[in-house]
Amino acid sequence: MRDNSFLAERLDQIWKLLFPELERKNNVLIRFKGNWRNKFGHIKLLKSKDTEIAINGFFKNEVIPEYIIDLTIAHELIHYMHGFNSPHEKKYRHPHQGNIVNKELVKRGFGEMLRKEKEFIKNDWPGMVKENFPRRRSFRFF
C-alpha cells in the first residue's frame, strides 16, 4: 500500500523534473484523502495559506497504475501554476478553460499518459468503482 510519504516523494520528483521553473510560493502539502468514485484529486488553499493537493484515497491501492497518480499530481500542479488555490497570479477565469490543463500536460510530456488515462477511465475504472464503491441505498420513510 502506498502512503503519504510516497505522494510527497512523487510530488517533489515531478516538480523538479517537469516543473523546474514553477516557484513554490507557499507550503504545498499532498496527501491521500477520501475515496471518490468521480474524481482523482483536487487542490485547495487552506486557512493557514498552505496549499493542499488531495489524491483519491483509493489510489493507495497498488491496482491503480502509478502513471495515474503522477498524472493527477501534474494536473493539480498546473492548477497551482495557473493561480488556482495558490499564491500565483490567476491566469484564467476557469480552471479548465479552453482545455488548458491538458494542453499544458501535453507540452510537458504527459501526452502518452493522457492517452493511457483515457483508456484506463474507459476500460478499468468503471469496474473498480462498481466493485469498491457500492451505491448507497437511500431509504424513504413515509
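The values are calculated or read from the model by the stated rules, or taken from the named source; none is laboratory data. Everything numeric in this text was worked out from a predicted model, so none of it was measured. All Cβ positions, even for glycine, are placed from backbone atoms using ideal geometry, and neighbour counts span all protein chains on display.
Odds and ends about this structure:
- When the criteria are applied in full, A74 meets the requirement of being assigned to a helix (DSSP H, G or I), of a type in the set (G, A, S) and either farther than 24 Å from F32 by Cα or modelled with pLDDT of 95 or more (or both).
- Odd one out for N102 among (1) surrounded by fewer than 17 Cβ atoms within 10 Å (Cβ to Cβ); (2) outside any helix (DSSP H, G or I); (3) at negative phi: (2)
- Sub-6 Å Cβ pairs linking a first residue in the range 58-70 that is under 18 Å from K130 (Cβ atoms) to a second residue that is part of a helix (DSSP H, G or I), at least 6 apart or interchain, are F59/I69, ordered by first then second residue.
- So D70, is it among the acidic types (D, E), surrounded by fewer than 16 Cβ atoms within 10 Å (Cβ to Cβ) and under 22 Å from E9 (Cα atoms): no
- Members of the range 52-66 found to be in a loop (DSSP other than H, G, I, E, B) and either within 16 Å of R10 (Cα to Cα) or aromatic (F, W, Y) (or both), listed by number: N61, E62, I64, P65
- Filtered by the rule that a residue be surrounded by fewer than 17 Cβ atoms within 10 Å (Cβ to Cβ) and touching a helix residue (DSSP H, G or I) at 6+ places or on another chain (Cβ under 6 Å), the range 45-67 gives a lone residue, Y67.
- Residues in the range 111-142 that are part of a helix (DSSP H, G or I), at pLDDT below 95 and of a type in the set (G, A, S): G127 alone.
- The single residue among H42, H82, H75 that is surrounded by 15 or more Cβ atoms within 10 Å (Cβ to Cβ) and either free of Cβ contacts under 8 Å to residues at least 24 places away in the same chain or touching a Cys at 6+ places or on another chain (Cβ under 6 Å) (or both) turns out to be H82.
- Residue check, E21 of a type in the set (D, E, K, R) and either over 29 Å from K130 (Cβ atoms) or assigned to a loop (DSSP other than H, G, I, E, B) (or both): yes
- Residue within the range 29-51 that is under 19 Å from I121 (Cβ atoms) and not in a loop (DSSP other than H, G, I, E, B) present: yes
- N132 being within 17 Å of the chain's Cα centre (by Cα), more than 23 Å from S5 (Cβ to Cβ) and polar (S, T, N, Q): no
- Checking N85 against (1) of a type outside the set (G, A, S); (2) out of contact with any Lys or Arg (no Cβ under 9 Å at 6 or more places or on another chain); (3) on the phi > 0 side of the Ramachandran plot, the condition it does not meet: (2)
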